[in-house]
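The values are calculated or read from the model by the stated rules, or taken from the named source; none is laboratory data. It should be emphasised that the depicted structure is a prediction, and the values quoted were computed from it without experimental measurement. Here the Cβ positions follow ideal geometry from the backbone for every residue, glycine too, while neighbour counts run over all protein chains shown. Surface areas here come from the heavy atoms of the whole protein model, side chains and all, with no ligands, DNA or RNA. Shrake-Rupley method; radii C 1.70, N 1.55, O 1.52, S 1.80 Å.
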Amino acid sequence: MDSAQFVERTTCISCGSTRLAELSTGLFNEKPLCDFILNDPWGENPAPYLRGKHWSYVQCSDCGQAFHKYILAPDWNERRFSQWMTQEAIEEFERPFKTTEYVFSKAVQYTKHVLQLERLSRSLCSGKPVRLLDFGCGYGEFLAMCDLYGFEAYGVDRSSAKRENGRFARIFPELEDLKSSGISAFHVITLFEVLEHLDDPRSLLEVLKEYLVTGGILILETPDCSGINGISTLDDYRKIHPLEHINGFTPATMRGLAESMGFAPIKKPVSFVTTDPMRVVKTVAKQIVGGAIGAGTQQYFRKL
Ligand SMILES: [Zn+2]
């Protein structure tokens, strides 16, 4: 049987430094990792291809960014998308999470983003619709919400299964497709749960920056990998799955990456989407205490 091929990332994905320290390492067929992989739904089971292969989770000694050193070679990554993570496997994986409560709270979150983004981009748009790009938009739920509020919304997602089963029409497979359609000068670009998956997140952000107007808003959101140094528990695995979540951000490293590229962290305006007055009181109280900028791994930035 073929063995999966990996490529090595020898420099920091954030600052480019070569001073990398290993936090943890192991084999794909060692416990507990092999059990976590086995218990996930797959189309074709990847385990036999991963036997004898090493993973190595490293941290940059200069900027603190953590990431997996070995990532699947492009053709094997393609195989992961087309044969391992089939549409059926993705649906089976998502089913237990997608409770009525979860779906509802997600929609509330999206509404909050829309209200905050409208407030922040009002001065940029001068009465015209907010032009927004959701990169890695999945099925396009957030885009559908933006569209209801009159935003001019576009998405990019490489998964053909998600585009075909999506909730929204204007989703392109590649950024290049936007360019060839003459669509640019976005007021807002969002990346929800995207950066942790990318071979080279900095290069993508460099490209996206060109699509954003000066003063435009960038939202980044990833899992918070603070304090995670290895794969011992299921929670560790969910956050730094070595095939899937190949970059581990913390509030500080997310902010560091964006700042080094000419994005300034900004505080979100307050928005209330609730029928519970106590939640309003709590949010206001938090504002008064002064919720720190960049306290979590969902952060707002402005392009300088
Ligand atoms: Zn670094």
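Looking at the chain only, what percent of DSSP beta bridges run antiparallel? Nearest 5 please. Intermediate results must be reported in sequence, preceding the final value.
Values: 24 of 40 bridges.
Of the beta bridges lying entirely in the chain, close to 60 percent run antiparallel.
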| Can you give the accessible area of His54, probe radius 1.4 Å, in Å² rounded to 10? | 100
| task | Would you be so kind as to identify all helices of the chain, as entire DSSP H runs, whose Cα atoms reach 20 Å or more along the helix's own axis and whose mean Kyte-Doolittle hydropathy is at least -1.0? | result | 100-125
| note | Here the percent of antiparallel bridges among DSSP beta bridges lying wholly in region 187-304, to the nearest 5, is 65
| request: Past 21 Å, Cα to Cα, is the threshold; run Lys112/Lys282; Lys239/Lys286; Lys128/Lys162; Lys106/Lys239; Lys162/Lys209; Lys98/Lys282 against it and keep the listed order. | output: Lys239/Lys286; Lys128/Lys162; Lys162/Lys209; Lys98/Lys282
| remark: Across all Cα atoms of region 165-300, Rg and the largest Cα-Cα distance (Dmax), in Å, are 17.3, 49
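Given the Cα-Cα distance of Ala21 and Ser226 and 0.36 nm per residue of separation, how much length would full extension add, in nm?
Details: separation 205, 0.36 × 205 = 73.80 nm, distance 1.63 nm.
Once the chain is fully extended between Ala21 and Ser226, it gains 72.2 nm.
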| task | Quote the accessible area belonging to Lys98 in square angstrom, nearest 10, computed with a 1.4 Å probe and with ligands, DNA and RNA left uncounted. | result | 90
| query | Which of the cysteines found in the chain have nothing to pair with, since no other Cys Cβ lies under 4.7 Å from theirs? | reply | Cys34, Cys125, Cys137, Cys146, Cys225
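Given the peptides 274-280, 135-141, 254-260, arrange them by the average over their residues of other C-beta atoms within 10 Å, most packed first. Numbers along the way, then the final one.
Details: 274-280: 10.0, 135-141: 21.9, 254-260: 20.0.
Put in order of decreasing packing, that is 135-141, 254-260, 274-280.
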| Stokes-Einstein translational diffusion, the chain - Kirkwood Rh over all Cα pairs, 1.002 mPa s, 20 °C, in µm²/s | 104
| request: Specify whether the C-alpha gyration tensor of region 39-173 places it in the rounded, prolate or oblate class, a ≥ b ≥ c being the square roots of the eigenvalues: rounded for a/c under 1.5, otherwise prolate if a/b is larger than b/c and oblate if not. | output: prolate
| field | Value of [θ]222 nm, deg cm²/dmol, for the chain, DSSP H segments ≥ 4, -39500 (n - 2.57) each, nearest 500 | value | -10500 deg cm²/dmol
| task | Using only alpha carbon pairs under 8 Å that are at least six residues apart, calculate the relative contact order of region 101-238 and give it in whole percent. | result | 22
| query | Name the residues of region 74-92 whose amide N is less than 20 Å from a point 7 angstrom out from the Cα of Glu176 along the C-beta direction? | reply | 74-79, 81-82
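Leaving ligands, DNA and RNA out of it, rank Trp42, Trp84 by accessible area with a 1.4 Å probe, largest first.
Numbers: Trp42 55, Trp84 0 Å².
Descending accessible area places them as Trp42, Trp84.
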| note | Quick calc: nm separation of the 7 Å Cα→Cβ label points for Ala285 and Gln109 -> 2.4
| Among bridges DSSP assigns within region 53-197, what percent are antiparallel (round to 5)? | 25
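Give me the number: length gained by fully extending Arg119 to Thr10, i.e. 0.36 nm times residue separation minus the C-alpha to C-alpha distance, one decimal in nm. Spell out each step's value before the answer.
Working: separation 109, 0.36 × 109 = 39.24 nm, distance 4.15 nm.
Residue separation times 0.36 nm, minus the Cα-Cα distance, leaves 35.1 nm.
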